[in-house]
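Worksheet: one structure, shown below.
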Amino acid sequence: MSVFAGCMDARNMISIKEIDCPSCEKANGIEVFEKDSLTVGESSCTQCGYFIPDGVHLIKFIAEDEY
């Protein structure tokens, strides 16, 4: 079982991504927290206030070339 000891740690890790706002297109305008391909908490644009809700797939909000 020691072979899989780090698996749960990696799965529970939250990554932080900065993405361009899909509304006003400000570069790196939204800082998003992501776990298991879902957003964690609400994230909003620093310029226009556009927000990404909690618990959604981030890919819906970003361009293909950014992901």
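Assess whether Lys60 counts as being basic (Lys, Arg), modelled with pLDDT of 85 or more and not in a helix (DSSP H, G or I). The answer is no for Lys60. Within the stretch 8-57, being without any contact (Cβ under 8 Å) to a residue 40 or more places away in the chain and among the basic types (Lys, Arg) holds for Arg11, Lys26, Lys35.
The values are calculated or read from the model by the stated rules, or taken from the named source; none is laboratory data. Since this is a predicted model, take the numbers as computed values, not measurements. Positions of Cβ are generated from backbone atoms using ideal geometry, with glycine treated the same way; all protein chains shown enter the neighbour counts.
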